[in-house]
Amino acid sequence: MLLIDCGRDDLLQYMLLRTQDPDDSVALEACEFWLSLAELPMCRDVLTAHIGKLVPVLIRGMKYSEIDIILLKVCLLRFSNYCTLQKTVLAIIDAFV
């Protein structure tokens, strides 16, 4: 675990770049990395400092229809317990639509 901690920021920066790779297969593999990381108990601790960079990259890479965007916003508005997260995510979505 110590080895992972030592190079964690470099690894996350590298994977962030690979997520934006013009080669779709490379970008898809990088997205699989984020999915695997999200399933780990340490995910929150690892991503807290990087979430501001990661979310826009992931959203830019996603393809949503107009109805998908509307449904996502409605879903977020229902979760008023997460006001700060909700406002952040809605602002990011609006910036890319």
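Qualifying GluC sites (Glu not before Pro) in segment 8-43, where qualification requires a DSSP coil assignment and no more than 14 other C-beta atoms within 10 Å, comprise Glu39.
Counting 0.36 nm for each residue step from Ser25 to Leu72 and taking away their Cα separation leaves a gain of 14.3 nm.
Projected onto its three principal axes, the C-alpha set of segment 1-62 covers 32, 19, 18 Å, listed from the longest axis down.
None of the figures in this text is laboratory data; all of them are computed from the coordinates on show. Quantities reported herein were computed from a predicted structural model and do not represent experimental measurements. All Cβ positions, even for glycine, are placed from backbone atoms using ideal geometry, and neighbour counts span all protein chains on display.
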